[in-house]
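Reading through the structure tokens given below for one structure.
The values are calculated or read from the model by the stated rules, or taken from the named source; none is laboratory data. For clarity, every value in this text was computed on a predicted model and none was experimentally measured. Cβ: placed from backbone, ideal geometry, glycine included. Neighbour counts: every protein chain shown. Protein only, heavy atoms only, side chains kept; ligands, DNA and RNA dropped before computing areas. Shrake-Rupley method; radii C 1.70, N 1.55, O 1.52, S 1.80 Å.
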Amino acid sequence: MFYQSVKSDSFLKYGQHLKDISFHELCDYVSAKVKIPGDGNEYFASQDFIEQHAAIKEIQNRVYGEMEIQAGTCSGHNTTIPAVEFHQGSEVIIAMTDCLLKVGKREDISENVYEESKMETFLLKKGEGVELYGTTLHYSPLKLDEMPYSTIVCLLKGTNQAIPEKKESLLVKKKNKFMLVSKEREDKTADGYFPGFIRQVTF
């Protein structure tokens with residue numbers, strides 16, 4: 001798979017490399033407390049021991065302008081993405097291992113359909129952090145090699161939480177989570193997610 005660095009100019013339309021914040025101490029601290037699942041992927045939206053860390057407080061100030069945020073972890077074994085999503089507000093991803101981010105542009109969605117072939121892939125190295133803009137399509141990171149990936153994820157508080165009353169919304173089934181899924185994800189389509197993500201065929 002071809003990929004570029006998050007430090008490259010090509011990444012600038014998707015987000016920014018948070019080069020002025022040090023994440024190494026945070027990554028060591030969280031890595032010691034988080035267990036990567038044996039298979040599949042695992043996401044925790046909000047974890048108190050992470051949210052109290054000074055580096056997260058700095059992100060809250062410098063990236064979110066003191067808006068309330070949540071911080072948790074996303075870890076696992078992804079090698080492909082079955083869906084794309086975006087949020088109102090930025091998402092910060094901090095790598096506790098090397099990983100790949102596959103991203104695209106929200107404006108390329110046409111009539112609730114988006115093609116994976118429009119996406120680009122970027123390498124996020126251990127100890128690095130990025131801000132993905134609210135206009136950036138993304139999903140869980142991908143592992144770089146045979147080793148699983150592990151990341152810290154920050155979002156506006158309440159994102160990805162359950163909606164108490166089901167609404168007739170085509171793309172929104174959880175708070176601030178706008179998602180298109182591939183038709184292969186029958187579990188997601190059964191939950192009402194729209195199958196508008198067209199997977200890229202590779203040979």
What Kirkwood hydrodynamic radius do you get for region 36-140 when you take the inverse of the mean 1/r over all pairs of distinct Cα atoms, in Å? 15.0 Å
Looking at region 1-156, send over the antiparallel percent of its DSSP beta bridges, to the nearest 5. 95 percent
Would you mind getting me the FRET efficiency between GLU25 and GLU111? Use the beta-carbon distance for r and R0 = 41 Å, nearest 0.05. 0.35
Accessible-area order (highest first, 1.4 angstrom probe) of the listed residues VAL34, VAL84: VAL34, VAL84
Computed from the coordinates I sent, Cα extents along the principal axes in Å equals one of (i) 43, 42, 34; (ii) 53, 49, 28; (iii) 46, 39, 31. Tell me the label. (i)
Could you do me a favour and compute the accessible area per residue for region 1-55, 1.4 Å probe, result in Å²? 65 Å²
Of all accessible surface on the chain at a 1.4 Å probe, what whole percent is carbon and sulfur? 49 percent
About its Cα centre, region 1-135 carries a charge dipole, from +1 on Lys and Arg Cβ atoms and -1 on Asp and Glu Cβ atoms, whose size in debye to the nearest 20 is 320 debye
Straight-line reach only, C-alpha to C-alpha below 17 angstrom: list the lysines that LYS143 could link to, leaving out same-chain residues fewer than 8 apart. LYS35, LYS102, LYS125, LYS126
